[in-house]
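Every read-out reported here was derived from the displayed coordinates using simple, explicitly stated rules and does not represent laboratory data. Please read these numbers as outputs of a predicted model, since none were measured by experiment. Counting neighbours? That spans all protein chains shown, and the Cβs are built from the backbone with ideal geometry, glycine included.
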Amino acid sequence: AEAVAEAEEGASVAAGAIDLGGKGDTQRFYVRNLGKLGEHHLQDYFQRFGRVTEVALVRDKKTQRPRGMAFVSIMPPAGETCDSLVEKLTGETHTINDIELDIQEALAKPVKEVPDADLPGGDGPKVGGAAPGGPEPPE
């Protein structure tokens, strides 16, 4: 199974996401096929696998409606590793209220880069020639 870094374009993680804090090693999962399930359903279900530290539904940026996917972060119980938790969750079928979930290991939360204020546009250095519509690069 491929790891998923972020949800589809045009989506945002819910502002009302459940963040339960927690220190130490946690494993983040990308959950699809949620149907009408809410954060509380995921919280209740996944707590059997460890301490749930975050549940965040992915919502449409414009309508704020859930898009049927979420990120869930779980701290494995004592004596268990993140790797064994990944195997357990991705290797089994999980069903909540007759809805079969699609669970994948997620990559760590992406770190937002701060634009370089010294460059026009703040996008950082340009690589690969001139900007579209600009003069051709010298040869």
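The set of residues in region 33-44 that are buried (at least 19 other Cβ atoms within 10 Å of the Cβ) and over 16 Å from the mean Cα position of the chain (by Cα) contains only Leu37. Of all residues in region 74-105, those satisfying the criterion of being out of contact with any Pro (no Cβ under 9 Å at 6 or more places or on another chain), surrounded by 15 or more Cβ atoms within 10 Å (Cβ to Cβ) and of a type in the set (A, V, I, L, M) are Ile74, Met75, Val86, Leu89, Ile96, Leu101, Ile103.
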